[in-house]
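Every number here is computed from the coordinates shown, using simple stated rules; none is lab data. Since we're looking at a predicted model, the values are computed, not measured. Counting neighbours? That spans all protein chains shown, and the Cβs are built from the backbone with ideal geometry, glycine included.
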Amino acid sequence: MPRDQRTITADDILPLEQYETIRADKKQEALERKKMTRLSVGPNATFMFENWDSMWLQIQEMLRIEKGGDEQLVDELAAYDPMVPKGAELTATVLFEVADADRRDAFLRTIGGVENHVAIQIGDHVIRARPEGDVERTRESDNKASAVHFFHFDFPAEAIAAWKSGEGQAMAVIDHPNYGHAALIGPETRGFLARECFA
C-alpha cells in the first residue's frame, strides 16, 4: 500500500472475501481512531478528521455494500482519494445532525452558506475551509445547506510548524451568523493528525 505516498490506488483495495477476514479488526481500529478524530462543535455539528485509513475503510465498506466491482471502484477512488490529506492539509467530513427530521430540515434552512464560515485556528493562523470538488453545498433554490460537507484546510508552513509544536490553542470554528461555535482540538488529536496528515 502506498500509504506513505498519501494516495489510495486500486492496488490497495482488497477483494471482498479477503476484506471480510479483517473487517472486524478494521472496524475496531476505526472506533479507536474516532476517539482522536471526532470533535463536536456546538450542539449540531461534528467534525470527523480524515486520514488514509479512514478513507480506505470507507471505500472498502462502499464496495462491500454495493458490490459494484471494478466499475464502482473507479468511482469510489475518485470520490474518496481526494480526501486523503496530501501532506500540507487537514481534511474533515463535517456533519450537521438534528435527530428530528422536521427540526433538521428547518435548521439546515437557517445555515445556508455555512461552507464559507468554517475554519481551523492555530495560534494566530486562521485556515479557512475549502470545500471538496464543485459539489453544491447550499441549494440555490431555497438556501438550504447540506447536512454533510467535505472540507480541506490548506496549511501554510508556519501553521504546520505551530500545529506540530503543541503551543497555542487549536480550535475548530464555525462563524455562521446563525451558528457560531468553536471547540478546542486537544493535544492527543493534534499529535495524531500531525503524524498522519503533515509531511
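The chain: longest stretch without exposed GluC sites (Glu not before Pro) (DSSP loop, at most 13 other Cβ within 10 Å), sites themselves excluded?
Working: sites that count: E97, E136, E140, E167.
By the stated rule (loop sites, at most 13 other Cβ atoms within 10 Å), 1-96.
Comparing G113, G68, G166, which has the greatest mean-square fluctuation in the GNM of the chain with Cα pairs linked when under 10 Å apart?
G68
I want to check the label-to-label distance for R103 and D124. Put each point 7 Å from Cα in the C-beta direction and report it in nm to one decimal.
4.3 nm
Filter the trypsin sites (Lys or Arg not before Pro) in segment 119-161 to those in DSSP coil with at most 15 other Cβ atoms within 10 Å of their Cβ, and list the result. Intermediate results must be reported in sequence, preceding the final value.
On the way: sites: R128, R137, R139, K144; in loops: R137, R139, K144.
Taking segment 119-161 and a limit of 15 other Cβ atoms within 10 Å, the loop trypsin sites (Lys or Arg not before Pro) found are R139.
For segment 3-197, calculate the relative contact order in percent as a whole number, restricting contacts to Cα pairs under 8 Å that are 6 or more residues apart.
Details: 307 pairs, mean separation 44.4, N = 195.
This gives 23 percent for segment 3-197.
Mind pulling up the Rg/Rh value for the chain? Radius of gyration and Kirkwood radius, both on Cα. Walk me through the numbers on the way to the answer.
Values: Rg = 17.4 Å, Rh = 17.9 Å.
Result: Rg/Rh = 0.97.
Return the lysines within reach of K26: Cα separation strictly under 21 angstrom, same-chain partners fewer than 8 residues apart disregarded; answer none if there are no such residues.
Qualifying lysines at Cα under 21 Å: K34, K35, K67.
Order by neighbour count: H149, H125, fewest other Cβ atoms within 10 Å first, most last.
Ordered from fewest to most neighbouring Cβ atoms within 10 Å, H149, H125 come out as H125, H149.
Within 10 Å of each residue's Cβ, count the other Cβ atoms and sort L31, L57, L108 from fewest upward. If you can, show how the numbers build up before the last one.
Working: L31 8, L57 18, L108 21.
Lowest count first: L31, L57, L108.
If each of E167 and T110 carries a label point 7 Å out from its Cα toward its Cβ, how far apart are those two points in nm?
4.1 nm
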